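Colleague: Before I ask anything, here is the structure I am working with.
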Amino acid sequence: MGDLGFAAQLAEDLSAEDLRLVLTVFRTDVQRLSGALGEAARAADPAGFRRAAHGLAGAAGAVGAGLLEQACRRVMAQGGLAPDARMEEMLAEIEAVARDALGDLDAFLARHAALPPRGAAP
Amino acid sequence: MTAPARVLVVEDTPTQAQLARALLVGLGHEVELVESAGAALAAARDWRPDAILLDIELPDYNGFELMQRLHAEGIETSVIVVTANASINAAVEAMRAGAVDFIVKPYAKARLAVTLANALEKRALAVQLASVKARLDRDRFFGFIGGSAPMQAAYRTIESVAASKASVFITGESGTGKELAAEAVHRASPRAGRNFVALNCGAIPRDLLESEVFGHVRGAFTGASADREGAARLADGGTLFLDEIGEMPLEMQVKLLRFVQTGSYSPVGSSRVERVDVRFVCATNRDPMLEVQAGRFREDLYYRLYVVPVELPPLRARGEDVLMIARHFLTQFAREEKRGFQGYSAAAEQALAAYSWPGNVRQLQNVVRNIVVLHDGERVELDMIPRAVRRPAGDGEWVAMPAAAVVSAGAAPEAAAPSARVLRPAGEAGAGSGAISGASSGVSSGVSSGVSSGADGEGATAVVPLAVMERRLILAALRQTNQDVPRAAALLEINPSTVYRKLQSWRAGGLLPNG
């Protein structure tokens, strides 16, 4: 399941309903913030790019999507230093990592749903 | 799990916010989510969270500035900074800015629970500490004004004993506020919702005292035209304050002892036994043990009543309280008398602070009223202060004060009417909030006895010029009330200012010695 080890911890800590809600919100955040990154890249807006990358890093960090979080933090550092350079390239990298993270999440949720609920008799 | 708390989550990333909410709700806490520092400040003002889970990077201004603003507004809450960076620098910076702890993303429920529990415990201790400090530093306590060490000790004793039913015995010189202390015991106690009944044993004729305490039935004695409840019944469920207990006749002390022991009594003229639940508070300006040794006070009653002693210090032992109280009275009386006084000159304050105040707070109250009624201005100057007070310290003869026109009004300490004074709890039918009412006919009897046996040496029936009779009456009322002008004026049913002006004019006319 990729780098989503922390999601297993969340499954322990949260009810199934809350877990599903948090991961749904994460999916929405990824889509929204990826869109914001794309807009900032097209507008050559390094501040907006950095802001969106920061938001995405926070969302990824919350659910333990470590690879996505690290990719975003690299972008935050580089994007602030080189406003015109490589934003499209960095965007592509983030989108790819984000797709992987969401794929991992889907797989995790499917596996988790197949398990008996917490506290259920074996 | 810790007790449920209010936790404000300040986070602009929805995933993080929803996760925090879910974990906190799962821990049993009440949660509110905001996305900006400005919204957090508003929520902190309105909702008063116990803890804030704070992201540092926020869309309007950052979390460090938010902590500064919370601090500046005096909003006490435990801030836990949520950081993606576990470096020591981030932690140090957060703690310097006022956070009690930090937590690194991503965090598990157990980590959040421990961090939050620690933060809430720290906050609880801080609140407790602030409360203790406030109690130690306070300069107001119910009706009292003053923050001196001996008064703090008295406040603490009153507060400690209030919750129990133990009898309280208040000692202190005349004018130190014994009745205020008794009221404070009542108001701080679980009995505050019932009556506080104050009875001045020294001001009630001996043959009426039993009736005042226990009531009487119709025909019990000449003039008892109807059944009448006594102070004991009025104080049922509340507090009975027996002021000047040392003045109580020995035969009445026997009956009081039985009442204290059993909680039951019979109204005068009745064989019916009545039972009440009363908390006793007594006061005297004498040494109660000396009274016992002299045979004027029953030893068994002494031990029944002298359970928790409260000693009120004389004003001369209260340091800066003198000026604090003087300023309070000046504000109060200037408002009542429509004067412009804003404060005292340095010389006037020096004089007030240096005087020994043998008549204690009551005398200070009278002196300030005297000044306010006779003068006007922005500041009280030294020459406005009565000469008796301007004497060097240690020359404190209070006898000069009535001649110098001792006046006051309203809230004098121990300003008890000659017989029962009932302080009813707020909202009770038939009485205003905290209403005070005379409970007997003892008021008029108190005045007339004072006049007819007055030191002027003439019987009340002798025909003399009206002005002479007026002077005698006023002076007699002042003597009877230990120069307490508000009480004297109340007995005479005139305004205290009238008494003061009369005294002033008599002094100017040579009818009284200057003081």
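The values are calculated or read from the model by the stated rules, or taken from the named source; none is laboratory data. Owing to the predicted nature of the structure, the values given are computational and were not obtained by experimental measurement. Cβ placement follows ideal geometry from the backbone for every residue including glycine, while neighbour counts extend to all protein chains displayed. These area figures cover heavy atoms from the full protein model, side chains too; ligands, DNA and RNA do not enter into them. Shrake-Rupley method; radii C 1.70, N 1.55, O 1.52, S 1.80 Å.
Colleague: Quick one: accessible area per residue over the range B:316-403, 1.4 Å probe, rounded to a whole number of Å²? Could the numbers behind the result be given before it?
Modeller: Values: 3820 Å² over 88 residues.
Accessible area per residue, the range B:316-403: 43 Å².
Colleague: Select from the range B:2-45 all residues whose loss of accessible area on going from the chain by itself to the full protein assembly reaches 40 Å² or more (probe 1.4 Å).
Modeller: B:THR13, B:PRO14, B:THR15, B:GLN18, B:LEU19, B:ALA22
Colleague: Output the relative contact order of the range B:276-377, whole-number percent, from Cα pairs under 8 angstrom with separation of 6+ residues. Write down the numbers at each step before the final one.
Modeller: On the way: 67 pairs, mean separation 28.2, N = 102.
Once normalised by length, the contact order is 28 percent.
Colleague: What aspartates and glutamates sit close enough to B:LYS165 to cross-link, taking a C-alpha to C-alpha distance under 12 Å and skipping anything fewer than 8 places away on the same chain?
Modeller: B:ASP277
Colleague: What is the extension gain from B:VAL132 to B:LEU511, computed as 0.36 nm multiplied by their sequence separation minus the C-alpha to C-alpha distance, in nm to one decimal?
Modeller: Working: separation 379, 0.36 × 379 = 136.44 nm, distance 5.46 nm.
In short, 131.0 nm is gained.
Colleague: Moving to a separate point now. Going down the list B:LYS178/B:LYS255; B:LYS133/B:LYS338; B:LYS338/B:LYS502, which pairs span over 30 Å between their C-alpha atoms? Could you put the intermediate results ahead of the total?
Modeller: Values: B:LYS178/B:LYS255 24 Å; B:LYS133/B:LYS338 37 Å; B:LYS338/B:LYS502 20 Å.
Flagged as over cut-off: B:LYS133/B:LYS338.
Colleague: For the peptides B:12-23, B:111-122, what is the packing order when you average, over each peptide's residues, the other Cβ atoms within 10 Å and list the highest mean first?
Modeller: On the way: B:12-23: 24.4, B:111-122: 18.2.
Ranking the peptides B:12-23, B:111-122 by packing returns B:12-23, B:111-122.
Colleague: Determine the share of the range A:13-58's accessible area contributed by carbon and sulfur atoms, expressed in whole percent, with a 1.4 angstrom probe. Please report the intermediate quantities before stating the final value.
Modeller: Details: 1040 of 2020 Å².
With neighbouring chains kept in place, the figure for the range A:13-58 is 52 percent.
Colleague: Report which residues of the range A:20-55 become buried by 10 Å² or more of accessible surface when going from the isolated chain to the complete set of protein chains (1.4 Å probe; DNA, RNA and ligands ignored).
Modeller: Buried by the other chains: A:LEU21, A:VAL22, A:VAL25, A:ASP29, A:ARG32, A:ARG50, A:HIS54, A:GLY55.
Colleague: Per residue, how much accessible surface does the range B:140-313 expose to a 1.4 Å probe? Answer in Å², no decimals.
Modeller: Ligands and nucleic acids excluded, the result is 40 Å² per residue.
Colleague: Interface size between chain B and chain A, please: total buried accessible area, 1.4 Å probe, rounded to the nearest 100 Å².
Modeller: Numbers: alone 23250 and 6740 Å², together 28440 Å².
Buried area (both sides, nearest 100 Å²): 1600 Å².
Colleague: Where the accessible area of the range B:140-313 is counted over protein heavy atoms with a 1.4 Å probe, how much of it, in %, is carbon and sulfur?
Modeller: Details: 3340 of 7020 Å².
The value for the range B:140-313 is 48 percent carbon and sulfur by accessible area.
Colleague: With every protein chain kept in the model, how would you rank A:ASP18, B:ASP243, A:ASP100 by accessible area, 1.4 Å probe, largest at the top? Could you put the intermediate results ahead of the total?
Modeller: Details: A:ASP18 40, B:ASP243 5, A:ASP100 100 Å².
Descending order: A:ASP100, A:ASP18, B:ASP243.
Colleague: How much area per residue is accessible in the range B:6-135 when the probe is 1.4 Å and only protein heavy atoms are counted (Å²)?
Modeller: Values: 5900 Å² over 130 residues.
About 45 Å² of surface per residue is accessible.
Colleague: So if I take the centroid of the Cα atoms in the range B:162-191 and the same for the range B:233-284, what is the distance between those two points in Å?
Modeller: Measuring centre to centre over Cα atoms gives 17 Å.
Colleague: Calculated FRET efficiency, B:ARG258 and B:ARG296, Cβ-Cβ r, R0 22 Å, to nearest 0.05? Don't skip to the end; give the middle numbers.
Modeller: Values: r = 19 Å, r/R0 = 0.87.
Efficiency computed from Cβ-Cβ geometry: 0.70.
Colleague: Now a separate question. With the cut-off at 1.5 for a/c, could you classify the range B:316-403 from its C-alpha gyration tensor as rounded, prolate or oblate? Show your work: numbers first, answer last.
Modeller: On the way: a/c = 1.61, a/b = 1.47, b/c = 1.09.
Verdict is prolate for the range B:316-403.
Colleague: Going out from 0 in 5 Å bins, what whole percent of all Cα-Cα distances in the range B:1-67 drops into each bin?
Modeller: 4, 20, 30, 24, 16, 6, 1
Colleague: Per the 1.4 Å probe, what fraction of the accessible area of the range B:6-135, in percent, lies on carbon and sulfur atoms?
Modeller: Working: 3090 of 5900 Å².
Here it works out to 52 percent.
Colleague: In the range B:101-149, which residues give up 20 Å² or more of accessible area once the other protein chains are added, compared with their chain alone (1.4 Å probe)?
Modeller: B:LYS105, B:PRO106, B:ALA108, B:LYS109
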